[in-house]
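Written out below as structure tokens is the structure these notes cover.
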Amino acid sequence: MSYIQGLLIPVPLKNKDAYCTMAELAAPIFKDYGAIRIVEAWGDDVPDGKVTDFKRAVKAEADETVVFSWIEWPDKQTYETAAKKMETDPRWAEMPDMPFDGKRMMWAGFAPILDTKS
């Protein structure tokens, strides 16, 4: 079963086009390191919770939405190897400035326990 890298990213609404451009430029880099699939999902129905929610998780401000993103890797080893190698990939230096506050972005690795993909 594959391995998932999940991300939550607070992005200003005005920066949607810049975020999409950055995501399109980054996707081939992840693919070159073995990613199987990259999904970027723009938050358009992100309700406020009573105790916690996606926006609070990344301290999103009133003019921001949350991007929910995931990268599917063939396995955890590929993900870990890629993460180390990508740190020094010179293509990151060529990327435009991040159109969001990277300090509030969160990510983690997940081992799937159910996958109904057929």
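The values are calculated or read from the model by the stated rules, or taken from the named source; none is laboratory data. What you are looking at is a predicted structure, and each value in this text was computed from that prediction instead of being measured. Quick reminder, even Gly has a Cβ in these numbers, built from the backbone with ideal geometry, and neighbours come from all protein chains shown. The accessibility values were calculated without ligands, DNA or RNA, using every heavy atom of the protein model including side chains. Shrake-Rupley method; radii C 1.70, N 1.55, O 1.52, S 1.80 Å.
Take the Cα of Lys16, step 7 Å toward its Cβ, do the same at Asp63, and the gap between the two points is 1.6 nm. The relative contact order of region 11-98 comes to 39 percent, based on Cα pairs under 8 Å that sit 6 or more residues apart. With 0.36 nm allotted per residue and the present C-alpha distance subtracted, the Thr116-Val51 stretch has 20.4 nm of extension available. With the simple model of a label 7 Å out from the Cα in the direction of the Cβ, Asp44 to Lys85 spans 3.6 nm. Here the sum of -39500 (n - 2.57) over DSSP H runs of 4 or more residues, divided by the residues of the chain, equals -8000 deg cm²/dmol at 222 nm, to the nearest 500. Over the chain, what percent of the accessible surface lies on carbon and sulfur atoms, probe 1.4 Å? Answer for the chain: carbon and sulfur cover 56 percent of the accessible area.
So with the 1.4 Å probe, I'd like the accessible area per residue for region 3-110, rounded to whole Å².
63
Among Pro90, Pro12, Pro74, the largest mean-square fluctuation in a Gaussian network model of the chain (Cα springs under 10 Å) belongs to Pro90. Residues considered: Ala82, Ala60, Ala108. Largest GNM mean-square fluctuation over the chain, using C-alpha springs under 10 Å, is found at Ala108.
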